1. Taking the stretch 37-51, which residues are part of a helix (DSSP H, G or I) and loosely packed, with under 15 Cβ neighbours inside 10 Å?
2. All but one of (1) closer than 17 Å to residue 85 by Cα; (2) more than 19 Å from the chain's Cα centre (by Cα) hold for residue 34; state the number of the condition that does not hold.
3. Of the residues that sit in the stretch 81-92 and are among the hydrophobic types (A, V, I, L, M, F, W, C) and over 16 Å from residue 59 (Cα atoms), which one is surrounded by the fewest Cβ atoms within 10 Å (Cβ to Cβ)?
4. In the stretch 60-77, which residues are open to solvent by 30 Å² or more (accessible area, probe 1.4 Å) and within 11 Å of the chain's Cα centre (by Cα)?
5. Give the stretch 1-36 a look and list any residue that's closer than 30 Å to residue 69 by Cα, assigned to a helix (DSSP H, G or I) and aliphatic (A, V, I, L, M), or say none.
Amino acid sequence: MQRFDKYWIGIVLGLLMPALFMFVYIDHFHLWYTFKEFGWGLSQTFSKLLQVSVFPNLALVFVFYTTDTWRLSKGVLIGAMPYIIAAIALTF
C-alpha cells in the first residue's frame, strides 16, 4: 500500500469521488427533472448536494489513516476542498 501513498493519487480520488457520488445521488433520487425544470440555479439544493457529496471522502480519509498512508489521505482532503468551498459560497 505504501507505493500508492502519493499526494496526486489522493487529490484525483478526492476530486472524482464527490462528482461520482453526486451523479449517483441525482440519478438514484431522479433529481434530473428537478434541475432541468428549475435549473442549476437552485443554490440551496445544489449547496446541500455539494455538502453531502464530501462524505465519501471522509470515509476514504478514515480508511487511509488506518492503513498509515498519510500522503494519500491528505491528498483526499485537498481534493475535497473545492467542493467544500463551493458549498460555502452557494450557501451565502
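1. Of all residues in the stretch 37-51, those part of a helix (DSSP H, G or I) come to 37-38, 43-51.
37, 38, 43, 44, 48 - these are the residues of the stretch 37-51 that are part of a helix (DSSP H, G or I) and loosely packed, with under 15 Cβ neighbours inside 10 Å.
2. (1)
3. Let us first name the residues in the stretch 81-92 that are among the hydrophobic types (A, V, I, L, M, F, W, C), namely 81, 84-90, 92.
Add one more test, that the residue is over 16 Å from residue 59 (Cα atoms), and what stays is 85-90, 92.
Values: 85: 11, 86: 16, 87: 19, 88: 12, 89: 11, 90: 18, 92: 6.
My answer is 92.
4. Residues of the stretch 60-77 open to solvent by 30 Å² or more (accessible area, probe 1.4 Å): 60, 62-63, 65-68, 70-71, 74, 77.
60, 77 - these are the residues of the stretch 60-77 that are open to solvent by 30 Å² or more (accessible area, probe 1.4 Å) and within 11 Å of the chain's Cα centre (by Cα).
5. As a first pass, look at the stretch 1-36 and keep what is closer than 30 Å to residue 69 by Cα: 1-25.
Within this subset, residues satisfying the condition of being assigned to a helix (DSSP H, G or I) are 2-4, 7-25.
Of everything in the stretch 1-36, those that are closer than 30 Å to residue 69 by Cα, assigned to a helix (DSSP H, G or I) and aliphatic (A, V, I, L, M) turn out to be 9, 11, 12, 13, 15, 16, 17, 19, 20, 22, 24.
Okay, residues lined up against (1) buried (at least 17 other Cβ atoms within 10 Å of the Cβ); (2) in contact with a Pro (Cβ under 7 Å, 6 or more places away or on another chain); (3) modelled with pLDDT under 90:
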| site | (1), (2), (3) |
| --- | --- |
| 5 | yes, no, yes |
| 26 | no, no, no |
| 32 | no, no, yes |
| 35 | no, no, yes |
| 79 | yes, no, no |
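The values are calculated or read from the model by the stated rules, or taken from the named source; none is laboratory data. All values derive from a computational prediction rather than experimental measurement. In this analysis, Cβ positions are derived from the backbone assuming ideal geometry, glycine residues included, and neighbour counts consider all displayed protein chains. Areas reflect the complete protein model, heavy atoms only, side chains present, ligands, DNA and RNA absent. Shrake-Rupley method; radii C 1.70, N 1.55, O 1.52, S 1.80 Å.
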